[in-house]
Amino acid sequence: MFRTLLIEDNSTFRELVKLNLQSQFPSIDVFEAKDGTEALEKIDSFPPNLIFMDIRLPGQNGLELTKKIKAAHPNITIIILTSYNLPEYREAATRFKADHFLLKDSIATGELDRLVKSVLSEKGFNPDGSGDV
């Protein structure tokens, strides 16, 4: 089963993303973390296939966390999901090994769903998230 981890401190936004993913991809398991510490614990317990990472997190920068996760788990796809469409953030996301950079409003435009479908396909899963590599 395809596993996704949402690392986001805003519980309302986290719930919105989770509901969107579950409605579009019913076979995906969606886990949540409100900060880097909780995220690292969940990654060790249930390594996800895909992570949505907020840049600004309490106690730890999402970009630094991305770098740490990619060093230990290079096959996890990480999508930076942020409200800040700044060139320096995009460049930093690339430098810290994030796979993709999306704005939070991409949920409304369907861009997030298209990207998830692409990741599912790349990793050998069905479009609904079912199947296993």
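Observations
- Any chance F2 is under 21 Å from K123 (Cβ atoms) and either surrounded by 18 or more Cβ atoms within 10 Å (Cβ to Cβ) or at pLDDT 95 or above (or both): yes
- Note on the stretch 100-116: residues that are in contact (Cβ under 8 Å) with a residue 60 or more places away in the chain and either on the phi > 0 side of the Ramachandran plot or assigned to a helix (DSSP H, G or I) (or both) amount to 4.
- Test result for K67, closer than 17 Å to L103 by Cα and free of Cβ contacts under 8 Å to residues at least 60 places away in the same chain: no
- Filter result (under 17 Å from S11 (Cβ atoms) and in contact with a strand residue (DSSP E or B) (Cβ under 7 Å, 6 or more places away or on another chain)) within the stretch 24-54: V30, F31, E32, A33, D35, G36, A39, K42, F52, M53, D54
- Filtered residues of the stretch 6-32 (kept if touching a residue at least 60 places away in the same chain (Cβ under 8 Å), out of contact with any Phe, Trp or Tyr (no Cβ under 8 Å at 6 or more places or on another chain) and surrounded by fewer than 20 Cβ atoms within 10 Å (Cβ to Cβ)): F13, L16, N20, Q24, P26
The values are calculated or read from the model by the stated rules, or taken from the named source; none is laboratory data. Keep in mind it's a predicted model, so treat the numbers as computed, not measured. Glycine gets a Cβ as well: all are built from the backbone with ideal geometry, and neighbour counts include every protein chain shown.
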